[in-house]
Amino acid sequence: MNPPPPPIDRIAAQSAPYLSVVLPCYNESQVIRETHRRIAAVCQSLDKPYEIVVVNDGSRDGTWAILLQIAKEDSHLVAVNLSRNHGHQLAISAGLSFARGERILIMDADLQDPPELLPDMLRKMDEGVEVVYAQRRSRPGDAPIKRFFCAVFYRLLDRLADAHIPLDTGDFRLISRRVCDQIVAMPERHRFIRGMVSWVGYRQEAILYDRDARFAGETKYPLRKLVALALDGIISSSLKPLMFATLIGSVTVFAGFLLLLYALYSWMFVGTTPPGWASLLITVVFMGGLQLMVLGIMGEYLGRIYEQTRGRPTFLVESVVRHENNSQLPQ
């Protein structure tokens with residue numbers, strides 16, 4: 001369950017801006033100033049009201065201190081400090097819950113996704129598109145093994161998900177106010193934003209771009225976290241793994257039944273039982289592995305049901321810094 005939105009008297013003093021930029025960040029002290037500079041330059045060129053909502057996801061370096069300094073210099077910055085590290089997807093959710101703009105741009109702080117693409121995305125939304133997602137034409141900044149696993153993940157996810165999820169797309173996208181409100185209202189605790197946006201539907205179109213290397217710092221998605229994100233995305237977006245487990249169980253039972261018929265036939269008509277302790281041991285180990293795999297898949301879903309029924313908030317906010325006298329608002 002999402003936390004209640006910020007009190008109206010804190011955020012309604014001025015009219016809703018034309019654009020909100022939601023920027024989750026974790027340990028981005030080396031890049032956050034340059035990211036803010038480039039985003040602010042693009043937003044200022046639009047000559048429309050805007051805000052930059054930066055969510056500090058429990059950073060352990062000097063990211064929050066830098067954000068406090070930037071907030072004193074830029075009246076458009078909204079700095080949200082989470083109580084701890086909640087993870088990338090929940091940090092995006094927190095930013096969306098604080099964004100007030102008619103249009104909301106979601107992007108990461110590492111500058112692999114160029115904010116200069118924003119005007120083209122806005123023009124496409126002017127044509128009536130509700131979601132403009134940035135689709136990677138190339139990603140030279142990533143290692144070959146990472147590109148390979150990402151390609152496999154996106155294609156597997158598209159086949160398994162209940163709604164079509166475009167290939168080679170991350171969370172870099174421009175969404176309308178209507179889509180943002182519906183994403184925020186969704187009660188899932190395990191949130192996979194790109195899957196949720198795809199599920200909402202409406203008119204969604206791509207804009208192609210080449211993904212750059214990180215401006216500075218280290219990637220926040222090493223292979224281990226990429227695998228975890230892949231599993232989380234698949235389980236959050238589809239029930240097909242359960243159907244797959246059922247299919248495996250059915251095929252295995254059928255194979256076991258055929259082996260039983262073979263054993264009975266050999267005993268009744270040949271007079272001997274099939275020899276081979278090695279083959280028997282392999283079969284037992286194989287069956288045991290299948291059972292554990294199926295139980296693991298079921299456990300993932302049951303664990304999510306348990307966490308959902310506890311009703312805890314998806315994230316906790318320690319403080320919010322807005323430009324109203326640069327005050328720090330406790331949540």
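We did not get these values from a lab; they are worked out from the coordinates using the rules stated. Since this is a predicted model, take the numbers as computed values, not measurements. Quick reminder, even Gly has a Cβ in these numbers, built from the backbone with ideal geometry, and neighbours come from all protein chains shown.
Amide H to amide H, which residues 5 or more places from VAL317 or on other chains are under 5 Å from it, using H placed in the peptide plane?
SER83
Skipping prolines and chain starts, which residues have an amide H placed within reach, meaning under 5 Å, of the one on SER29, given they are 5 or more residues away or on another chain?
Long-range HN contacts for SER29: GLY62, THR63.
Which residues' amide hydrogens lie under 5 Å from the amide hydrogen of VAL21, considering only partners 5 or more residues apart or on another chain, with H built in the peptide plane?
Those lying under 5 Å, H to H, from VAL21 are GLU51, ILE52, VAL53, LEU105.
If each residue of separation counts as 0.36 nm, what is the full-extension length gain between ARG137 and GLU116 once their alpha-carbon separation is subtracted?
Fully extending the segment from ARG137 to GLU116 adds 5.9 nm.
By how many nm would the segment from ARG123 to ARG60 lengthen if fully extended, with 0.36 nm per residue of separation less the alpha-carbon distance?
Separation in residues times 0.36 nm, less the Cα-Cα distance, equals 18.9 nm.
Using mean Cβ contacts within 10 Å as the protection proxy, how do 114-126, 21-33 order, highest first?
21-33, 114-126
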